[in-house]
């Protein structure tokens, strides 16, 4: 036996498990925008009254749904700023320390200084470049090892 939908003729889909029609605001929320880039994932968040009022005011000001405003704020935080590689204090050269006695390439070739492995970087014409590959007999032929190490340690 088929049963008919007992909702009033409001044009709204009924709530699951109830005979009432869904408010129009919920129907609008069910029509989430679809983008060709990425599928949307539906989620629910709790906001403080102050946060909710802020998002609501921004949505009204921008003429967009609250969800679009929240996505926009998240997208802004996910973007890497353009000046991250130019104005980053961590990428500035270190302050010169006249008392420093360590190796100039200690950060680049730390395995060499800690474990005694061959250097991976060498300086050529004022720039640090990758060291050439080890010869096959580096570990078995002391002369080959010495010639390679001399080449890597030579500064030009």
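The values are calculated or read from the model by the stated rules, or taken from the named source; none is laboratory data. Fair warning: this is a prediction, and the values are worked out from it, not measured in the lab. Note that each Cβ is placed from the backbone with ideal geometry, even for glycine, and that neighbours are counted across all protein chains shown.
Apart from one condition, residue 102 fits all of (1) under 30 Å from residue 41 (Cα atoms); (2) in a loop (DSSP other than H, G, I, E, B); the exception is (1). Every condition in (1) touching a strand residue (DSSP E or B) at 6+ places or on another chain (Cβ under 6 Å); (2) free of Cβ contacts under 8 Å to residues at least 24 places away in the same chain holds for residue 152 except the one numbered (2). All conditions but one from (1) touching a strand residue (DSSP E or B) at 6+ places or on another chain (Cβ under 7 Å); (2) part of a loop (DSSP other than H, G, I, E, B) apply to residue 122; the one that does not is (2).
Would you mind stating whether residue 122 is under 21 Å from the mean Cα position of the chain (by Cα) and either within 30 Å of residue 38 (Cβ to Cβ) or in contact (Cβ under 8 Å) with a residue 24 or more places away in the chain (or both)?
In short, no.
Do we find a residue being without any contact (Cβ under 8 Å) to a residue 60 or more places away in the chain, surrounded by 10 or more Cβ atoms within 10 Å (Cβ to Cβ) and closer than 30 Å to residue 119 by Cβ anywhere in the range 64-74? Scanning the range 64-74 turns up no residue that is without any contact (Cβ under 8 Å) to a residue 60 or more places away in the chain, surrounded by 10 or more Cβ atoms within 10 Å (Cβ to Cβ) and closer than 30 Å to residue 119 by Cβ.
Here residue 139 meets the list (1) in a helix (DSSP H, G or I); (2) free of Cβ contacts under 8 Å to residues at least 12 places away in the same chain almost entirely, failing just condition (1). It is to be established whether one or more residues within the range 95-102 are surrounded by 10 or more Cβ atoms within 10 Å (Cβ to Cβ), closer than 30 Å to residue 153 by Cβ, in contact with a strand residue (DSSP E or B) (Cβ under 9 Å, 6 or more places away or on another chain) and modelled with pLDDT under 90. No: the range 95-102 contains no residue that is surrounded by 10 or more Cβ atoms within 10 Å (Cβ to Cβ), closer than 30 Å to residue 153 by Cβ, in contact with a strand residue (DSSP E or B) (Cβ under 9 Å, 6 or more places away or on another chain) and modelled with pLDDT under 90.
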